[in-house]
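Engineer: Please find one structure pasted underneath; my questions will follow.
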Amino acid sequence: MQSLTVLYDATCPLCCKAASWLDSQPKYVPIVFCAAGSPAARTAFPGLDHEATRNELTVVGETGEVYYAERGWLMCLWATRKHRAMALRFSTPHGMAQAKRFVLWVSRHRQLLGRVVA
């Protein structure tokens, strides 16, 4: 994997904070950030459901692999130097189930959480 593109909701304070945090992390794999649903995202990834990308984190690999929701978050963590081991632990079936529950909870409460962390 040479690079990842993260499509995130640029109107969500929590999403912007998470993107900023992720951008500041030392990485094994470079990450490019792109506002979900933006003209740039639509041009770069014409095959994606761009309305869906506004509602759940979407990560795209340089050869077209697409990771949504908890898999997207795990790919982001996997790209970082500090959090790769955690991503690998959560990539097991049991860990993935936990990651899915956590990501669903955060997604449901992201507007409230965004006001708290912003």
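Engineer: Out of Glu62, Glu56, Glu51, Glu70, report the one residue that is more than 23 Å from Arg108 (Cβ to Cβ) and acidic (Asp, Glu).
Structural biologist: Result: Glu62 is the single residue among Glu62, Glu56, Glu51, Glu70 that is more than 23 Å from Arg108 (Cβ to Cβ) and acidic (Asp, Glu).
Engineer: Among the numbered criteria (1) at pLDDT 95 or above; (2) in a loop (DSSP other than H, G, I, E, B), which single criterion is violated by Gln2?
Structural biologist: (1)
Engineer: Then there is this: When you go through Arg42, Arg101, Arg115 one by one, which is the residue that is in a helix (DSSP H, G or I), of a type in the set (Lys, Arg), at pLDDT below 85 and more than 19 Å from Cys16 (Cα to Cα)?
Structural biologist: Residue meeting the stated conditions: Arg101.
Engineer: Read through the list (1) under 14 Å from the mean Cα position of the chain (by Cα); (2) at pLDDT below 95, then give the number of the only condition that Leu88 fails.
Structural biologist: (1)
Engineer: Could you say whether any residue in the range 55-71 is modelled with pLDDT of 90 or more, within 12 Å of the chain's Cα centre (by Cα), within 20 Å of Met1 (Cβ to Cβ) and part of a helix (DSSP H, G or I)?
Structural biologist: For the range 55-71, residues modelled with pLDDT of 90 or more, within 12 Å of the chain's Cα centre (by Cα), within 20 Å of Met1 (Cβ to Cβ) and part of a helix (DSSP H, G or I): present.
Engineer: Looking only at the range 5-18, which residues are surrounded by fewer than 18 Cβ atoms within 10 Å (Cβ to Cβ) and in a loop (DSSP other than H, G, I, E, B)?
Structural biologist: Matches in the range 5-18: Ala10, Thr11.
Engineer: Something else about it: Among the candidates Pro26, Pro46, Pro39, which residue alone is touching a residue at least 40 places away in the same chain (Cβ under 8 Å) and not β-branched (Val, Ile, Thr)?
Structural biologist: One residue alone meets the criteria, Pro26.
Engineer: Still on this structure: Might you check whether a residue that is assigned to a helix (DSSP H, G or I) and of a type in the set (A, V, I, L, M) occurs anywhere in the range 19-30?
Structural biologist: Scanning the range 19-30 turns up at least one residue that is assigned to a helix (DSSP H, G or I) and of a type in the set (A, V, I, L, M).
The values are calculated or read from the model by the stated rules, or taken from the named source; none is laboratory data. This one's a predicted model, so the numbers in the text were calculated from it and none came from an experiment. Note that each Cβ is placed from the backbone with ideal geometry, even for glycine, and that neighbours are counted across all protein chains shown.
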